[in-house]
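The values are calculated or read from the model by the stated rules, or taken from the named source; none is laboratory data. In this text, all values refer to a predicted model and were calculated from it rather than measured experimentally. Quick reminder, even Gly has a Cβ in these numbers, built from the backbone with ideal geometry, and neighbours come from all protein chains shown.
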Amino acid sequence: MQIPVPSLHHSFSLRVELSTPIEMGQGRGGQRRIIPIVGGVALGPEIKGKILNLGADWQTIYADGAACLDTRYALRTGDGAVIEIVNIGVRHGPETVLKRLTEGEDVDPNSYYMRTAARLETGSDRYSWVNHTLFVCAGVRRADAVEIAYYKVT
C-alpha cells in the first residue's frame, strides 16, 4: 500500500486588521514585538464572518530579518459560531524587501515567503469539521493588515 499524497483545498481567506506594534525589545532569540489583532473579515467559501477585536501576533525577529509568527485570535461566523485560530509560521525574504514591508509598503508577495500552519477549534456542531482538519496558509503583509489564504489538507 502506498502512503496517500495530501492535497490542498481552499477553505477561506482572512483579511486581518492590525493595530500599532508593541515593541518588547531584544529577547533571548531575537527582537520581540506584539502586534494586536483588532478586527477583520473571513471571506469564505467555507467560513464567512468577522474577526473579533482580540488576540495578537507575538513575533520574534531574528538577526537575518526572518520573523517567527505566533498568532492567536478568533472569529465569529455569520451564523454565530466562534472559531479560535492558532497560527504558527515564518516570514523571510531579501533584506531590502523586508525593510520595505517594515516601512508599511505594499510589496509583491512573490518577493518574500510567508507561510503558516493553523489549528482551528470550535464548539459549534456546524463547524466541528475544523477541529479535525489541518490547514496550511499563504499570507501577504499589508501596511495595516495581513491577508491569509487557508487551505485544508485533504
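Does residue 62 qualify as being within 14 Å of residue 15 (Cα to Cα) and of a type in the set (Phe, Trp, Tyr)?
Considered against the rule, which asks whether it is within 14 Å of residue 15 (Cα to Cα) and of a type in the set (Phe, Trp, Tyr), residue 62 comes out as no.
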When you scan the stretch 103-126, how many residues do you find that are surrounded by 13 or more Cβ atoms within 10 Å (Cβ to Cβ) and either more than 11 Å from the chain's Cα centre (by Cα) or not in a strand (DSSP E or B) (or both)?
9
Does the stretch 66-84 contain any residue that is under 28 Å from residue 24 (Cβ atoms), of a type in the set (Ser, Thr, Tyr) and at pLDDT 95 or above?
yes
Can you list the strands (runs of 3 or more DSSP E) found entirely within the stretch 6-81 that contain at least 2 residues being touching a strand residue (DSSP E or B) at 6+ places or on another chain (Cβ under 8 Å) and either of a type in the set (Val, Ile, Thr) or buried (at least 17 other Cβ atoms within 10 Å of the Cβ) (or both)?
8-18, 31-45, 48-51, 56-61, 67-77
Please work out which one of (1) of a type in the set (D, E, K, R); (2) surrounded by fewer than 13 Cβ atoms within 10 Å (Cβ to Cβ); (3) at pLDDT below 95 is the condition residue 100 fails and give its number.
(2)
